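Below is one structure, written out as structure tokens; the observations come after it.
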Amino acid sequence: MHGHPLLSALLGQLESLERSAREMRVPLLAGQAEALRQSVLGVVGERAALEDAAAVAMAKTRRLKQAYEENRRRYENTLRAFDRFRQAFEILESLRALDDLADVLEALRKLFRVDSMLLFMDADDYGQYLPEVISCVPQDVLRAMAEPVLAAGGRSYVGPVAAAPRGLLTPAQAKRFGSCFAYPLEDRFHEGRWAGLLLVLDASPERYSPEMATDYMEHFSDALRSAVVGAVDRLKAEELREDVERITRHDLKSPLTAILTLPQFLLESDNLTERQREMLRMMLESGRRMQSMITLSLSLYRMEQGVYALAPEPLDLAALVRAIWNESGGPYRSAHMELELVADEDPFPALGEELLCYTMLANLIKNALEASKPGEGVTVRLRREPGRVVVEVRNGRDVPEDIRASFFEKYATCGKAGGTGLGTYTARLIAEVHGGDIALETGQGEGTLVRVRLPMPA
């Protein structure tokens, strides 16, 4: 009755001793036995209190252990969810062409391990740009899908298909799937309009429940909308750019045609000196080249897109170099600068499009001249190596170290007033579209050499 057997036995013995002492009329012994018995009873009480405290502590320990395990599971689930969404954002970042959108959605479906992931987009804004596998629907259909979702008070619907807002799913989907997540995609640029809607469906009724936190899914859905809208906007911007360039080319060609007519008319006169005729011919030739260069802008755009169709023909690189110096070298000759042409052969035959090769050489020669000081010179060497034609443009100044790694990249420029960073970039595009390559050698105070290697004529 007192918990521990030894304590119970000791109390029994003390009670017996107390009775014996009373029977033998030994009051002192009886009092001592009573005192001992009371002490043992105190120990028994303390032991019971300790056992109760231990039981409470054990119960708390069990609850803490359960809470720890629950928190650990939640943390691991959150960590897995975070990693899954991190991978999802990486997949979205890989979207470059709209034709890849279906593959991106399939990769996301597999990553989230759901049965279906459907993207609906506004037909008016995106229908002509998105692949056919993406559902493009009218704005009133999107509104009919989105408004019941928002009417429930949240930004999304998550829960069983049976309780989904009316109009969100088709009857076939309602029979096939058990739960879903639906998120209307806002049109950030037009208030009251919807860019689209994301619908994620799973056969399991427990997969998406109303108790689920939807922060990650909503953030992901916003990122998906931004990726799709951004890709469409880039395509629209490219179309607008091409339209503007087409209009600009047309508007420039009209006055240029009139400018070209005047030298032709003057050349028919009989009272011109040979020097005047030469100058008029140079004006006429420069105008024709300008007319061709206006057309060249579209060619460069197609090169960037990788769709340019090259039409090579035999040409004379040495003649092109001389033409560039004759037409553009005036300001540099005034600064006592010279262009030296060193060619293994003259004429120097090559294979390519004349306008493109003229532009490439003009950009490289102009860069070399602009980097030089008055009184200095630039050397253009034309030589051959097995299977290749080699053009080398050299000047005496080093390229600044900050720009060497990006010398042939778009908009790369350093310390040059009015520089756009397009000259060497254009030269690289033209060299590559001809099946050639371009390289830079510079540093250590030895000047700069730009080397272009083109295929040898057949």
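The values are calculated or read from the model by the stated rules, or taken from the named source; none is laboratory data. Being a predicted model, the structure only gives us computed values, none of them experimental. Please note: Cβ atoms are built from the backbone with ideal geometry, for glycine as well, and neighbour counts cover all protein chains shown. Heads up: the accessible areas ignore ligands, DNA and RNA and are worked out on the full protein's heavy atoms, side chains in. Shrake-Rupley method; radii C 1.70, N 1.55, O 1.52, S 1.80 Å.
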Problem set entry | Separation of the S116 and E23 label points, Cα + 7 Å toward Cβ, nm | 9.4
For this session: Grab the beta carbon distance between D270 and D124, set R0 = 60 Å, and tell me the FRET efficiency rounded to 0.05.
Result: 0.35
Exercise. Over the chain, what percent of the accessible surface lies on carbon and sulfur atoms, probe 1.4 Å?
Worked result: 55
For this session: Return the calculated 222 nm mean residue ellipticity for the chain, to the nearest 500 deg cm²/dmol, obtained by summing -39500 (n - 2.57) across DSSP H runs with n ≥ 4 and dividing by the residue count.
Result: -19000 deg cm²/dmol
For this session: Give me the orientation-averaged projected area of the Cα convex hull of the chain, in nm², one decimal.
Result: 46.8
For this session: Grab the other residues whose beta carbon is less than 15 angstrom from that of A152, score K and R as +1, D and E as -1, and report the net.
Result: -1
For this session: Sum up the charges of everything whose Cβ sits under 15 Å from the Cβ of L111, counting Lys and Arg as +1 and Asp and Glu as -1, but leave L111 out.
Result: 0
For this session: Report the residues of region 294-330 in range of a label on D346: point 7 Å along Cα→C-beta, backbone N strictly under 20 Å from it.
Result: 315-330
Exercise. How high is the FRET efficiency between Q66 and E211 when r is their beta carbon distance and R₀ equals 30 Å, given to the nearest 0.05?
Worked result: 0.90
For this session: Please report the relative contact order for the chain, taking Cα pairs under 8 Å with a sequence separation of at least 6, and give it as a percent rounded to a whole number.
Result: 8
Seminar exercise, completed: Applied in sequence order to region 109-125, the curve 6.51 cos²θ - 1.76 cosθ + 1.60 (Karplus, θ = phi - 60°) yields integer Hz couplings, x standing for Gly and Pro, of 4, 5, 5, 7, 6, 10, 7, 7, 9, 10, 10, 10, 10, 5, 5, 5, 8
Exercise. Relative contact order of region 118-236: what whole-number percent is it, with Cα pairs under 8 angstrom and at least 6 residues apart?
Worked result: 26
Problem set entry | Full-extension gain in nm, V133 to Y75, via 0.36 nm per residue minus C-alpha separation | 17.1 nm
For this session: Please identify the longest segment of the chain free of exposed GluC sites (Glu not before Pro), where exposed means a DSSP state other than H, G, I, E or B and no more than 10 other Cβ atoms within 10 Å.
Result: 269-458
Exercise. Full extension from S328 to A102: what is 0.36 nm times the residue separation minus their Cα-Cα distance, to one decimal in nm?
Worked result: 76.2 nm
